[in-house]
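Engineer: Attaching a single structure in C-alpha cells format; questions to follow.
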Amino acid sequence: MKEILEKIKTKYEVTDVLQKRADLLFFTIDKKMVLDILNYLKELEGFTHLVMLSSVDWLEENKFQLTYIINHPINKHDIAIRVDLNRDEATMDSIHHIWIHAETDQREIKELFGIDFPGSPGVDEDFVLEDWDEIPPMRRDFDTLEYSERTFFPRDGRKTYDTKEYMKSKLYPDDKQ
Amino acid sequence: MSIKDILSPFSAWKKVIKDPVTVKDPFNDRPGAPRYRGFHKNELDKCIGCGACEEICQNAAIDMVPVEGIETVEGDSGLRPMVDYGRCCWCALCVDICSTNSLTLSNEYTWIDSDPDVFRFIPGYDKKEWDNSKLGWTKPKNYDLNTYERVEMKELHPEERDKSFIEFVKGYSKEQAEAEADRCIDCGLCTATCPAHMSIPEYIKAIRNDDMEEGLRIMYETNPLPEICGRICTHKCETVCAIGHKGEPLSIRWLKRYIADQVPESKYKEVLEQGLEITPKSKKVAIIGSGPSGLSAAYYLSRMGYATKIFESLPEAGGMMRYGIPSYRLPYDQIDKDINYILSCGVEIEYNVKIGKDITIEQLEKDYDAVFSGTGLHLGRSTRIPGSEHENVFFATDLLREISLGTEIKVDEKIVVIGGGNVAMDITRSLARLQNQKYGKVDVLATCLEAEDIMPADREEVVEAREEKAIVDPGWGPKDIKIENGKIKGLNVVKCLSVFDDEGRFSPKFDEDKKKFFPAEMVVESIGQGMDLTYIDSIKDKLEFSDRGRIVVNEKYQSSLPWFFVGGDIIKGPDVINGIANGHIAAKGIDEFLNKK
Amino acid sequence: MTRMYDLKKRTVTAPDGEVFTVDPMKDYFCDKRPEVQAPAHPVIEKFFNWARSNSLWVLGWGTGCGSMELPPLTTPRFDMFRYGVQMRATPRQSGVFIISGYLAVKTLKRVIRAYEQMQGPKYIIALGSCTINGGMYYDSFNTINRLDHYIPVDVHITGCMPRPEAILSGFVELKKRIRAGKAEGANDYAERFDWYKGNQKKVIKGWDMPDYNW
Amino acid sequence: MFSIKEDRSKFPTKKADGTLDIDLDSQKYVKIWQGPNHPGITGNMALELTVSGDEVVQSKTHVGYLYRAFEKLMERRKFIQCFPICIRMCVPEPDINEYLLAASVEELGGIEVPEMAEWLRTLVLEMARVTILLRGVPGQGGTMSLGMGVQWGVYVRDLMLDRFEELTGGRVYHMYIAPGGVRGLLPSGFKDRMEEVLKKVDEFVVDIDNLMFNNAVFKVRTKGVGIIDKDWIDQYSVVGPNARAAGIMRDVRKDYPYLKYDQLDFEPHTETDSDIYARSRVRWHDLQTSVDLIRQIMAKMPEKGEIRAKTPNVLHWKIPKGETYQRIESSRGEYGFYMVTDGSAYPRRINLRGPSYNSAMVLLEKMLVNANISDVSSLMVSLATCPPEIER
C-alpha cells in the first residue's frame, strides 16, 4: 500500500491522505486528474474492480465530495479517491468508458444529488424516482420529514409530553424561570 | 445428458410416503419463541416515565402521555409510554434502554383490525390479552446500552488526608467528566426534585459538548453558588436519577463542580454578563445574613436592578458554608470564588454587624423598602442528659465555627461525639484531624440513636469518617456522662431499639439491659441546631409562628409583615440548596411586592 | 418521457394495409366510473358471501418486504390452500390484493392500476405497520404513510413484518367480514371515488393514465 | 440434443449514433413489461423488454418500486437507531446489513467487540446465508415451473427461521447484531435443535440435486445459456458466486477475512462454464459450505462470554470524523457499506453497494439481448437479483 501511495505521489498531487486500515487508503485529488489517475490505476496498477462511486454532501462547506472506491482483486486492497466539487455548479467527467457499470452510479447521483455527468448513458433518465419536482432529495438541505408530513399527512391524534415541562406544570406551576 | 437425468427427478416420489409437515392448527400450535419480540407490556408501577423509550425510538412510535391514576411525584413524571403500532418495528430498543426494566415485549404477535386507528395503546394501562404473558423479549443479560457504574471520583488516600484540612475530593478530569456526563439520558426527572429546579440535563449536555461557559450560564440561572453546591450539596437529584434504578445514579453534584472549576474566576464577568442589561431600580433591599439564602436573594435582586446590602454578624461572608462546614470538604477559596462574584455584581456587604444590637430591625424597615432575613441555625442543642452541663461538653456548631475562625480549640485525647447527622460527621472528622496533628493518633467516637441503615448522615460521610480511623458506633441512646473528680470519664449509653413511633413521631425506645460505656475526656453534642431569633424580638408579636416555632411565610417566603421576607435554614432545610432556592424565590417575591408598592 | 409509449396518440398501419389513428387514452380504456354493487336478495347474498369467503384468490405481487412471509404460506408448512386461499398471477384473476407493507409512490401508481383492474368483489389486506401510519418509513419522502387514504383497506394486520400465522389470521378475519357482509371496500371505493382519486392525484405527480382503468 | 438457432436477420440495425433502430410502429417489435407485477420477477422491479418474435432485442431495467430512501433516513438517525432500519435494505438476507453497520461504526468509533460476540455474528451470518440459499437454489428451478424444489426449500428455510426466532427474537428481521455486540447468547439446547435443522438441509441438498441438477429439462434450459464472459468480470465488477461460476475466485470471506472466518476451514466452490447451470451449482455448493461452517462454528465457539463491548451511552454516541468502507460476502457476492461520519451523533452518509446493483442493471440489460423470452426469468434469478438492495 505504501509503495502505491509513493508512486502516486510522484505523479499526482494528493492531499488529505487517510489510512486507518492496512488495506484501505483514502486521499483527495484534483477534479481534473481523476480520469487520469483512474485509468492509470486500472490499466497499470491492477485496480480493476470499481467497488462504488458515491457522493457526500458537505453543505456547510458548499461542496460535494465524490468518492471512487477501487479495488485490487489480486493484492486485495482498496483505494478511495475523493474529489471535491463546487456545490453550485456540480459537474464531473463521466467514467463509464473505464467501467461500463459506472453509468448506473452516475445516473443515481445525478438524480439524488443533482451532480451532472455529461455524456454518461441514460444519465438524465429517472432512476428510482418518478416525476420528482423538488430539489434532489439526498441533498442535505432537503428535509425529508417535513416533505413527508406535508405530502403524506400522518395519522392525527398523536401528542407527546416533555417529561421536564410536564413535571413542572404539575409540581410547581407557579415557578417561572 | 444421460438416462440418469431422465430418471433422477422421479426420486421426488419418495416423499409420498413421508408424513406431511403441515402445521395442523397454525393459530394455536405455534406460539412465538420464548424470546420472540411481540407486543409491548409495561409494569405501570415500576415505570417512572423517564421517556428513554421515546428518545431511542427511531420510528417516533412512542409518545409519553399522562395516565389516569398515576400521579406526578418526585422521581416519577406521571407520564407513560403510548405505542403506535402504525410505526413500531419491534426492534425492542425501547426495552433494552428502559431505565427500570419495566417495559418488555410479550411473544404474542397477532392483532388484526379493519379500523387503522385502533393500533395505538398504552401498554399496561389499556388491558390486552398478552398482559400476563410470561414469555417474550426482556433485556438480555450483560447487554447494556448505557453504563450503569459511576466514573470513580479520585480522592486523597485516608492516610494522606486525615492529618490536614486540605480538600480531599480531587474533582473530575475532562475525560472523566465527559464519561460521566455521557451516562445522562436527558429525562429531566432530577429538575423537579432539585429544590432550586436547576436545569440539570442542560448543563450536563454542556459538559458533553465541552462548552463550560454555556454550562456556567445555565447554572447561574437558578443557582449563584455552583462551586459551593458542587461540593456540599445534599444532591436530592441523585436520589431520583433514572439511571439509579438499574445502577449507580449520575454524580450530578460532581459534574456541577466540574463546570464551575473549569471557568476561572477572572472569566466569570465576561461569561455571565454577555449581553446582559440591567435597568437600575430606585428601591433598596436589606439582607440579614450572608448564608446561601441571603447570597442567593442578593444576587437575583441585584440582577433585577435593586440596590442590595447584606448585614453579616461574622467577619466574613458565607454563613454556615464557611463556619459550619470544614474546609477539607469546602475550601475557603472556593467559597470566596462564588461570593466574590456575587459581591462584584454590585451587592454591598457590611461585616461584624449584628441586627438587634448594632442596628435595630425597625431602622432597617425605615431605611430599606424590603428586608430579607436568612439567619440560619447557629445554636447548638443539648441532650440535657446528666453531666451535659460540664465545661468539657461542647456544641458541634460552636467548635466548627471556632475552627473556621482560626481559634485554637480544646482537643482531648479521647473524644465522644453524640449525633449521627452530617454536622456530627463534620465535627468527628475535624476532631480526628486535629487529634492527628496534636497526638499523632485518632481516638474519636461518634454515636447516635439511629441504627446504621437509617443514620441521617450521607453514607459516604460515614464511610469516609471510618476511613479516617474515627469510630462510628450507631444505635445507642446517651444515658449520662460519667464524671469523676470533676473530670469526664466517658459516656454511658443504652441500646436504642427504634427512634420513631408508628406515626413517624420522634419517640425513641430503649433496651435498658444492653449497656455500653464509651470512655472519653471530652464530649461533643451534635443532635441538631436551633435558631436565634432574638434580633426580631421587637416585631415578634406582628409575626405568626408555627407549632414548631418557625415563622409562617407564604409561598414567596413573605411573612405576615409584608416587607419582611424570611428564608434559609430557619424556614426550610437545613441544607444549602434549599437555602439557594428559597432565596431565589424570595427575590422574585420581593420584586413582585416592590412593584406593587 | 418515453416510458408511456403505448399511451401516446399515433397512426398505425394494420396488417391488411388499412391506416388508422389510435388514441390509447380513449380507445383502450372505458372512462366509466366504478359503480356501487348493491347486495342481492338477503338469502342469495348470504350464499354469495359464503362462496366468496371460501375462494380468496390473491394477486401474486409482492409490493413490499412483507411479501417475504407469503411463500411460507403457499408451501406445505402453513398451506393456505386449505383455507381456500391461493395465489394468482394477474389482477384479472384475483379478488384479494395483499399490500405487503410500505408503498413507494412509484408502486402506488401501479397498485392503483392493478386494483382497479381486479374484478369485484375485491378486497385489500394491508400488512405491517407501514400501511397504518408510515411505520419506520414515516419520514421518508418516497413512501406513503396511510394506505387507507388511497385505496380502501378491509383488514389491517400489524407487525413488522407480520408472521405467516398473523397473515393467516388476517384471512380468517377477512372471511368473517365477508360473511357478515362488512367487507365493502370496493363499494366504498366507488362511493367515495372522487375523494380517493383526489388523494391519489395529490401524491402521484405525473398522472398519465385514465382515471379509472378496468 | 437440440439447440435454438439464432436468426439474426430480424434484429435491428444500429443507427449512426450507436443506438438500435427500433421502430415499434413497424410491427416487427413488441414491447413487453416484465414486472413490477409479474410472477417471474425477483421482487418488485420491472424489465422493459423489446422483443422480436420470442427473442429479446433490447432490455431496460426499471427500479425504484421499493425505494424508501434508507440512506437519507439514516442521516436523520443516531447510530444505534440506524441498525433496526438498515437491515430492511435486503429483505431475504438482512443480517449482512446489521453486520456492516456495526463493523463500520465500531471501526470509526474505535470499539473492540468481544470474542463471543464475534462468534455469534459469524454464526448468524452463515445461518442467514443458508436461509437465502434455501430459496435461491430451488428458485432457479422455480423459474422453469419446477415448483417442487421451492416447496421443499421454503419449508426447510422455515425451520431455520425457527432457530433464528429462538436465538434473535425475530423471524425475518432479526435485529441481532447491534453496534457494539450482539443481543443475546445461545439458548440452552440450541445446538441440538440446530443440528436437526442442518440434517434437514443435508437431505434437501441431496433431494434438490436429484430433482434439479440431474434433470434433463433443467440441463437443457440452463447449460450454455446466459454465459458471463470471463472478460466481463472486471468490466462489470462481477463478484461472488457469479464470478466463481466463471472460474474466478472472489469470496470476501477468504480474500478479506472478517469476524472468525480465518479460523474456519472452508473452500469456496468454483465452476468454469459461467452459465446459468454453473451459477446455480456454485450456490448449491455454497449452501453445503455454509452448513459445514455452521457445524464448525458451533463446535469451536466458546460456551460463554461477553456479548457487548462497552460503548458510550447510545442516546448520544458521537463518532469522530472519518470514513470507511466495509465489505462482507453476501450470498450474492461482495456487499459493502461506505460510511462517512462528521463527529456528530448522526452518520453523515451511508452508502450501500450490493452486487445486484451492477448485475441487475447494466449486466442484465446486456445479457438479455438475444435471449429467449422464456429465459429472462431464469437469467435474472441466476444473477440473484435483489431489487431492494439496488434502490435501497
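FYI, it's all coordinate maths here, none of it is from the lab. Here the structure is a predicted model, which means the values were calculated and not measured. In this analysis, Cβ positions are derived from the backbone assuming ideal geometry, glycine residues included, and neighbour counts consider all displayed protein chains.
Engineer: Using the Cα centre of region D:8-62 as the reference point, and only Cβ charges (+1 on K/R, -1 on D/E), how large is the resulting charge dipole? Debye, rounded to the nearest 20.
Structural biologist: Working: 7 positive and 7 negative charges, 23 e Å.
Here the size comes out at about 120 debye.
Engineer: Follow-up question, since we're still on this one. Quick one: angle between helix C:42-53 and the longest Cα principal axis of chain C, in degrees between 0 and 90, rounded to 10, please.
Structural biologist: Between the helix axis and the principal axis of chain C, the angle is about 90 degrees.
Engineer: Next question. For chain B, how big is the tail of P(r) above 43 Å, as a whole percent of Cα pairs?
Structural biologist: Within chain B, distances greater than 43 Å cover 36 percent of Cα pairs.
Engineer: Moving on to the next point. In the structure shown, do any of B:Lys170/B:Lys556; B:Lys267/B:Lys366; B:Lys46/B:Lys236; B:Lys18/D:Lys219 have a Cα-Cα gap over 31 Å, and if so which?
Structural biologist: Flagged as over cut-off: B:Lys170/B:Lys556; B:Lys267/B:Lys366.
Engineer: Say the dipole of region D:238-338 comes from +1 at the beta carbon of Lys and Arg and -1 at that of Asp and Glu; which of D:Thr324, D:Gly240, D:Ile276 then lies farthest toward its positive end?
Structural biologist: D:Thr324
Engineer: Continuing with this model, one more query. Can you order the peptides D:340-347, B:32-39, B:284-291 by their average number of other Cβ atoms within 10 Å per residue, highest first?
Structural biologist: Peptide ranking by packing, descending: B:284-291, B:32-39, D:340-347.
Engineer: Taking only the alpha carbons of region D:48-91, what extent do you get along each of the three principal axes, in Å, biggest first?
Structural biologist: 53, 17, 11
Engineer: Still on this structure, I have one more. Which value, in debye to the nearest 20, gives the size of the charge dipole of region D:70-391 about its Cα centre, when Lys and Arg are +1 and Asp and Glu are -1 at the Cβ? Don't skip to the end; give the middle numbers.
Structural biologist: Working: 41 positive and 45 negative charges, 150 e Å.
The dipole of region D:70-391 has a size of about 720 debye.
Engineer: Rounded to the nearest Å, what's the spacing between the alpha carbon centres of region B:101-171 and region D:63-97? Just the number, please.
Structural biologist: That distance is 27 Å.
Engineer: Separate question: Given the peptides A:38-49, D:284-295, arrange them by the average over their residues of other C-beta atoms within 10 Å, most packed first.
Structural biologist: Averaged packing, sorted descending, gives the order D:284-295, A:38-49.
Engineer: Which of C:Lys109/C:Lys182; B:Lys542/B:Lys597; B:Lys205/D:Lys78; A:Lys164/D:Lys310; D:Lys200/D:Lys254 have a Cα-Cα distance over 18 Å?
Structural biologist: As for pairs spanning more than 18 Å Cα to Cα, those are C:Lys109/C:Lys182; B:Lys542/B:Lys597; A:Lys164/D:Lys310; D:Lys200/D:Lys254.
Engineer: Based on alpha-carbon centroids, what's the gap between region B:174-239 and region A:75-149 in Å, whole number please?
Structural biologist: Region B:174-239 and region A:75-149 have Cα centres spaced 46 Å from each other.
Engineer: Please list the non-local residues whose amide H lies under 5 Å from the amide H of B:Gly490, H modeled 1.01 Å from N, same-chain partners needing a gap of 5 or more.
Structural biologist: B:Lys482, B:Ala520
Engineer: Kindly identify region D:174-320 as rounded, prolate or oblate by the Cα gyration tensor criterion: order the square roots of the eigenvalues as a ≥ b ≥ c, call it rounded if a/c is under 1.5, otherwise compare a/b with b/c, prolate if a/b is larger, else oblate.
Structural biologist: Here region D:174-320 falls in the oblate category.
Engineer: What ranking do B:563-569, B:375-381, B:154-160 get when scored by the average of other Cβ atoms within 10 Å per residue, highest first?
Structural biologist: B:563-569, B:375-381, B:154-160
Engineer: In addition: Once phi is turned into ³J(HN,Hα) by the Karplus curve 6.51 cos²θ - 1.76 cosθ + 1.60 with θ = phi - 60°, what whole-Hz value does each residue of region B:514-526 show in order, with x for glycine and proline?
Structural biologist: After applying 6.51 cos²θ - 1.76 cosθ + 1.60, I find 8, 10, 8, 10, 9, x, 6, 9, 9, 10, 10, 9, 9 Hz.
Engineer: Output the 0 to 90 degree angle, nearest 10, between the alpha-carbon long axis of helix B:576-596 and the longest principal axis computed from the alpha carbons of chain B.
Structural biologist: Value to nearest ten degrees: 80.
Engineer: Let me ask something additional. Toward the positive end of the charge dipole of chain B, about the Cα centre and with charges on Cβ (Lys, Arg +1; Asp, Glu -1), which of B:Val23, B:Asn132, B:Ala451 goes farthest?
Structural biologist: B:Val23
Engineer: Work through the residues other than B:Thr407 whose Cβ is under 13 Å from its Cβ and net out their charges, Lys, Arg +1 and Asp, Glu -1.
Structural biologist: Spelling it out: positives minus negatives among the neighbours equals -1.
Engineer: When the dipole is taken about the Cα centre of the protein assembly as shown, and only Lys, Arg (+1) and Asp, Glu (-1) are charged at their Cβ, what size is it in debye, to the nearest 20? Mind dumping the intermediate values first?
Structural biologist: Numbers: 184 positive and 214 negative charges, 629 e Å.
For the protein assembly as shown, the charge dipole is close to 3020 debye.
Engineer: Next question, about the same structure. For region D:70-391, with the dipole built from +1 on Lys and Arg beta-carbon atoms and -1 on Asp and Glu ones, taken about the Cα centre, which of D:Ile80, D:Gly141, D:Gly181 lies farthest toward the positive end?
Structural biologist: The Cα lying farthest towards the positive end belongs to D:Ile80.
Engineer: Could you please tell me the mean projected area of the C-alpha convex hull for region C:42-203, averaged over all directions and given in square nanometres to one decimal?
Structural biologist: 8.8 nm²
Engineer: Take peptide C:101-114, look around each residue's Cβ out to 10 angstrom, count Cβ atoms belonging to other protein chains, and average those counts. Present the calculation step by step, with values, prior to reporting the outcome.
Structural biologist: Working: counts 4, 3, 4, 11, 9, 15, 8, 1, 3, 7, 3, 0, 1, 2.
Other-chain Cβ atoms within 10 Å of each residue's Cβ, averaged: 5.
Engineer: Within 10 Å of each Cβ in peptide D:160-173, how many partner chain Cβ atoms are there on average? Round it to a whole number, please.
Structural biologist: Mean shielding count: 6.
Engineer: Kindly work out what percent of the DSSP beta bridges joining two residues of chain B are antiparallel, to the nearest 5.
Structural biologist: Among the beta bridges of chain B, antiparallel pairing accounts for roughly 50 percent.
Engineer: Okay, next question. Taking 23 Å as the cut-off for C-alpha to C-alpha distance, list the pairs among B:Lys269/D:Lys321; A:Lys9/A:Lys76; B:Lys284/B:Lys354; A:Lys20/D:Lys260; B:Lys15/C:Lys175 that go past it.
Structural biologist: Correct reply: B:Lys269/D:Lys321; B:Lys15/C:Lys175.
Engineer: Average partner chain C-beta neighbours within 10 Å, per residue of B:181-189?
Structural biologist: Per-residue shielding by partner chains comes out at 4.
Engineer: Taking 8 Å as the Cα distance limit and 6 or more residues as the minimum spacing, I'd like the relative contact order of chain B as a percentage.
Structural biologist: 12 percent
Engineer: Moving to a separate point now. Quick one: Cα convex hull volume of region C:113-184, Å³ per residue?
Structural biologist: Output value, Cα hull per residue: 93 Å³.
Engineer: Leaving out same-chain residues fewer than 8 places away, which lysines sit with a Cα under 20 Å from that of B:Lys479?
Structural biologist: Straight-distance partners of B:Lys479: B:Lys414, B:Lys487, B:Lys489, B:Lys495, B:Lys509, B:Lys514, B:Lys515, B:Lys516.
Engineer: On to the next question. Could you work out which residue, out of A:Thr28, A:Thr160, A:Thr15, moves most in a Gaussian network model of chain A, that is, has the largest mean-square fluctuation with Cα springs under 10 Å?
Structural biologist: Among A:Thr28, A:Thr160, A:Thr15, the largest mean-square fluctuation in the Gaussian network model of chain A belongs to A:Thr160.
Engineer: Pull up all non-local amide H partners of D:Ala178: gap of 5 or more, or a different chain, and H-to-H distance under 5 Å with H placed in the peptide plane.
Structural biologist: D:Arg183
Engineer: In a GNM of chain D with a 10 Å cut-off on Cα contacts, which of D:Asn372, D:Asn214, D:Asn351 has the highest mean-square fluctuation?
Structural biologist: D:Asn214
Engineer: Moving to a separate point now. May I ask you to evaluate 6.51 cos²θ - 1.76 cosθ + 1.60, the Karplus curve with θ = phi - 60°, for each residue of region B:425-441 and list the ³J(HN,Hα) values in order in whole Hz, giving x for glycine and proline?
Structural biologist: 5, 4, 6, 4, 6, 5, 5, 4, 5, 5, 4, 4, 5, 7, 10, x, 8
Engineer: Taking neighbour counts of Cβ atoms within 10 Å as a proxy for exposure, in what order, fewest first, do A:Asp174, A:Asp78, D:Asp95 appear?
Structural biologist: Ranking A:Asp174, A:Asp78, D:Asp95 by Cβ neighbours within 10 Å, fewest first, gives A:Asp174, A:Asp78, D:Asp95.
Engineer: What is the local net charge at B:Leu343, summed over the other residues whose Cβ is closer than 13 Å to its Cβ (Lys, Arg +1; Asp, Glu -1)?
Structural biologist: In short, -4.
Engineer: Per-residue ellipticity at 222 nm for the protein assembly as shown, helices alone: DSSP H runs ≥ 4 residues times -39500 (n - 2.57), over residue total, nearest 500 deg cm²/dmol?
Structural biologist: Values: 47 runs with 458 residues, N = 1380.
Roughly -9500 deg cm²/dmol at 222 nm, from the helical runs in the protein assembly as shown.
Engineer: I've got another one for you. Give me a comma-separated list of calculated 3J(HN,Hα) values for region B:84-90, in order, Karplus coefficients 6.51, -1.76, 1.60 applied at θ = phi - 60°, integers in Hz, x for any Gly or Pro.
Structural biologist: Along region B:84-90, the couplings run 9, 7, x, 10, 4, 10, 6 Hz.
Engineer: Give me, ordered by chain and number, the residues 5 or more places off C:Gly64 or on other chains with an amide H under 5 Å from its own placed amide H.
Structural biologist: C:Ser100
Engineer: Less than 9 Å Cβ to Cβ from B:Ala307, Lys/Arg counted +1 and Asp/Glu -1: what total charge do the surrounding residues give?
Structural biologist: +3
Engineer: Would you please report the Å³ per residue occupied by the convex hull of the alpha carbon atoms in the protein assembly as shown?
Structural biologist: Normalising the Cα hull of the protein assembly as shown by residue number yields 240 Å³.
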